[in-house]
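The values are calculated or read from the model by the stated rules, or taken from the named source; none is laboratory data. Note that the structure is a prediction, hence the values are computed from the model and not measured. Here the Cβ is made from the backbone with ideal geometry for all residues, glycine too, and neighbour counts use every protein chain on show.
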Ligand SMILES: [Zn+2]
């Protein structure tokens, strides 16, 4: 057996649509992936490595605990065969989500036609029921396929940048905040959070759990807890699958299926999503549910659950120029209503609480946009 033979491959980390050159090796535990630099190798256990094709190139994806991680490997066919031939039987079977018989039955059976009919006649309840049945891997795929275009829209033509180099103190502080908030959340998969270097005050969660905070959210916040309150609200949209609910509700199911099957033909899915991300499409009910999650997650993290109200007040007090302020927040009566609702939900929580970040972490987060890097926005 040629164990130990190194072969070159392209690795997609599931976050960025740009491949990294890596070296692969068959080890007894699975496929060892060595990245450049001083990072420890990644090992895909054979059971998690799914072989999509052997020719013209070997293509693999990874499914962990029945969730498509988004990771991909592309390897030259002959090199792959010579290095991995002894192990081919060890590779996992089937595609992501297949283990869930009910979901598949729902989507492949004749049920789909009646389902489509039902929501076109308008049963908002259906979006709520259906969204959780869409396999998470589909939602991830969909999110990734539209992400570049959605980001490009916020860049207004110019390439929009992401704040903070990987492993920088600012990014580490953001990741710490995400981890502390996520600890209390029932997430289908970990969320990924980035700060977008734009002047618009906004935040959104793409399908698949990729959350974007815009730079002014951090700049304008009076405390790390205010940022965390907004972030926790967006995590709430992920928990509730609101992007997917919105898509279904907007009647874009057929486009969704096209996108999942790899056929993103028109800009319609993107248009629907961009409308949602710019904030006008979520219902008041979606928003108050996300606010409720914000309160829960902040409470769970030991921080003050009222923090998000700091943001609501700031936005309610001024800022009319921006077309897209934190979902549908620009309308004042609604904002006042939400502030009251948050106060009520948080009534028994102690005032103040423990700040979500230490003083030095907050300082690092404040500086996150001192460095930027390119976003996966599409080049036009
Ligand atoms: Zn929202």
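The residue pairs whose first member lies in the stretch 279-291 and is part of a loop (DSSP other than H, G, I, E, B), whose second member is near the ligand (Cβ under 8 Å from one of its atoms) and modelled with pLDDT of 80 or more, and whose beta carbons are closer than 7 Å, counting only pairs six or more residues apart or on different chains, are 282/242. Output the residues belonging to the stretch 195-206 that are touching a residue at least 60 places away in the same chain (Cβ under 8 Å) and more than 14 Å from the ligand (Cβ to nearest atom). Once the filter is applied, which keeps residues that are touching a residue at least 60 places away in the same chain (Cβ under 8 Å) and more than 14 Å from the ligand (Cβ to nearest atom), the stretch 195-206 yields 195, 196, 197, 200.
From the list 159, 185, 131, 99, the lone residue that is on the phi < 0 side of the Ramachandran plot, outside the structural domain of residue 65 (by TED's automatic domain parsing) and modelled with pLDDT of 80 or more is 185. Inspect the stretch 178-193 for any residue being under 27 Å from residue 37 (Cβ atoms), within 16 Å of the ligand (Cβ to nearest atom) and touching a residue at least 24 places away in the same chain (Cβ under 8 Å) and give the result as yes or no. Within the stretch 178-193, one or more residues are under 27 Å from residue 37 (Cβ atoms), within 16 Å of the ligand (Cβ to nearest atom) and touching a residue at least 24 places away in the same chain (Cβ under 8 Å). Could you tell me whether the stretch 117-127 includes any residue that is at pLDDT 90 or above, buried (at least 18 other Cβ atoms within 10 Å of the Cβ) and either more than 16 Å from the ligand (Cβ to nearest atom) or not assigned by TED's automatic domain parsing to the domain that holds residue 355 (or both)? Taking every residue of the stretch 117-127 in turn, none turns out to be at pLDDT 90 or above, buried (at least 18 other Cβ atoms within 10 Å of the Cβ) and either more than 16 Å from the ligand (Cβ to nearest atom) or not assigned by TED's automatic domain parsing to the domain that holds residue 355 (or both).
So for the stretch 209-228 (the condition being crowded, with 24+ Cβ neighbours inside 10 Å, in a loop (DSSP other than H, G, I, E, B), modelled with pLDDT of 90 or more and within 15 Å of the ligand (Cβ to nearest atom)), does at least one residue qualify? Within the stretch 209-228 (the criterion being crowded, with 24+ Cβ neighbours inside 10 Å, in a loop (DSSP other than H, G, I, E, B), modelled with pLDDT of 90 or more and within 15 Å of the ligand (Cβ to nearest atom)), the answer is yes, since at least one residue qualifies.
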